[in-house]
Amino acid sequence: MSSRVDPVANYLFTVSEEEGMNESVFLAALAHLTPEDTPLFKKFFGMDPDTFHRLLMTVGPRLRTRQTHIQEEHGPGLKLQVALRHFVSRPSTKVLAAAWTISPSAVPPIINEVTKAIMEEFLPIATNLMFVMEGCLVFGVPVRGAGETG
């Protein structure tokens, strides 16, 4: 039994932006993306939908959502999607803006805001883990990787 390959998704992930990726193809693939399509979701955002949701619940409160008279503020979910897509494939600001129908000038601040939120949330955890590992090494306690048994 042969599996049918979605030509839009296939094109999207095999042609780089430098080779002239067609924005309409990118938009078409994004429009058909659903959380149930875990492999495509993972290719787009670098994580499965459950992990995305957990990350959104963790850093979402750090992402400000206010609306001014000049421009509409974007919600935490959209901000996280834009930033993760940027982290995964580094498309141009123009492509990201078109994909989420936002202003190209809004993309860099969104990426910066999400990056800062992730760092603020997880850097203390990583730092504490580093100190624990250092302490284990100082006192001769073996440090095992995830899934290792001893």
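A few comments on the model shown:
- Leading residue by the ranking (farthest from the chain's Cα centre (by Cα)) among those in the range 51-66 that are loosely packed, with under 12 Cβ neighbours inside 10 Å and modelled with pLDDT under 90: ARG66
- Scanning the range 17-39 for residues being at pLDDT 80 or above and either touching an Asp or Glu at 6+ places or on another chain (Cβ under 6 Å) or under 18 Å from VAL95 (Cα atoms) (or both) gives a total of 1.
- Hits in the range 75-123 (condition: within 15 Å of ARG64 (Cα to Cα) and among the charged types (D, E, K, R)): LYS79, GLU113, LYS116, GLU120, GLU121
The values are calculated or read from the model by the stated rules, or taken from the named source; none is laboratory data. Given the structure is predicted, the values throughout are model-derived calculations rather than measurements. Note that each Cβ is placed from the backbone with ideal geometry, even for glycine, and that neighbours are counted across all protein chains shown.
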